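The values are calculated or read from the model by the stated rules, or taken from the named source; none is laboratory data. Nothing here was measured: the structure is a model prediction, and the numbers come from that model. Heads up, the Cβs are rebuilt from the backbone with ideal geometry, glycines too, and the neighbour counts pull from every protein chain shown. The area values use the complete protein model at the heavy-atom level, side chains included, leaving out ligands, DNA and RNA. Shrake-Rupley method; radii C 1.70, N 1.55, O 1.52, S 1.80 Å.
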Amino acid sequence: EKGGNVYLPAGTYRVSESLVFDRTGINGITGKRINITGAGKGNTVIKTTVSNVTALRIIGDSGGTGAAHIYSTISNLAFVGTPDRSCVGLSLKDCAYMSVKECTFHSFDTCLYLNGTLSSDFAGLILNESKTGIVADKGGFSAAHANAFTGCEIRMCTQNAYNGFLSTCTTAFFGCQFEGCGTMGDNNTGGLIFRLNSNAGEVGPCFYNCYFEGNKGGYDVFANGST
């Protein structure tokens, strides 16, 4: 319950089942937070060794205890999945005010899964050669929204660079690159898709100085206007 700092020295950490930090019912506003740091995204590697697991899961709380506001940082790590691309790299559920920076992801079903995660910063991430770079989904606490992505690179994902469900209000991308995503001939794949539901206040995403190249599916950016 006291939280703390976890430092992972350089090396490869093999994961056969999900690593889980469960903060359910623990008040994150009062300083009981966790910070996970590696020795650099080329040095500290968290690698899944079996199919269909999540390498690292952070769980907040949907019960109004303040545990969702966990103010935690994950940084300087590399996440590597299995060759069948069936795993999830990093999952954040019912979290707010998170910071994820300087991490790489490779060979996943979903590199970064945001379930009810909001008001968080993601910077310097490289997500590549996977099925989907980022999935933003609705959880018990909130829809995934009001997140900022800065200097992130999403490349060569066969499904989508970003797949956002329900509210994506004020999600912002600053200086990000979206390259080579989607599958040639499959118009249901591509760069970024936003599955909006037209709720009041749903203003959608914003892009600042972003770069798109060679997305091979049906779109660079697409909003389907439905749930």
| remark: ALA123 neighbourhood, Cβ < 14 Å, K/R = +1, D/E = -1, net charge -1
| request: Output ³J(HN,Hα) for the range 85-98: one whole-Hz value per residue in order, computed from phi by the Karplus curve 6.51 cos²θ - 1.76 cosθ + 1.60 with θ = phi - 60°, and x for Gly and Pro. | output: 6, 10, 9, 10, x, 10, 10, 10, 10, 6, 10, 9, 6, 8
| query | DSSP loop chymotrypsin sites (Phe, Trp or Tyr not before Pro) in the range 69-134 with at most 16 other Cβ atoms within 10 Å of their Cβ, which ones? | reply | none
| query | Summing Lys, Arg as +1 and Asp, Glu as -1, what charge do residues with Cβ under 15 Å from the Cβ of GLY38 carry, GLY38 excluded? | reply | +3
| task | Could you list which residues have their amide H under 5 Å from that of LEU125, counting only those 5 or more apart in sequence or on another chain, with H placed in the peptide plane? | result | GLU102, CYS103, CYS152, GLU153
| request: Pull out the extension gain between PHE174 and GLU129, defined as 0.36 nm times the separation in residues minus the alpha carbon to alpha carbon distance; nm, one decimal. | output: 14.0 nm
| said: Using a 7 Å offset from the Cα along the Cα-to-Cβ direction at both ASN43 and THR150, what is the distance between the two label points in nm, to one decimal? | reply: 2.3 nm
| Which net charge results when you count Lys and Arg as +1 and Asp and Glu as -1 among the other residues whose beta-carbon is under 9 Å from that of CYS157? | +1
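Sorted by accessible area (1.4 Å probe), largest first, how do ASP137, ASP22 line up?
Numbers: ASP137 40, ASP22 85 Å².
The residues order as ASP22, ASP137, largest area first.
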| request: Grab the Cα-Cα distance for ASN188 and ASN5, subtract it from 0.36 nm times how many residues apart they are, and report the gain in nm with one decimal. | output: 61.7 nm
| Here are several values of Cα extents along the principal axes in Å: (1) 68, 39, 25; (2) 72, 52, 36; (3) 49, 42, 30. Which one was derived from the coordinates shown? | (3)
| Given H placed on each backbone N at 1.01 Å, which residues far from PHE222 in sequence or on other chains put an amide H within less than 5 Å of it? | LEU192, ILE193, PHE194
| Linear extension gain, VAL50 paired with ARG14, 0.36 nm per residue minus alpha-carbon span | 12.0 nm
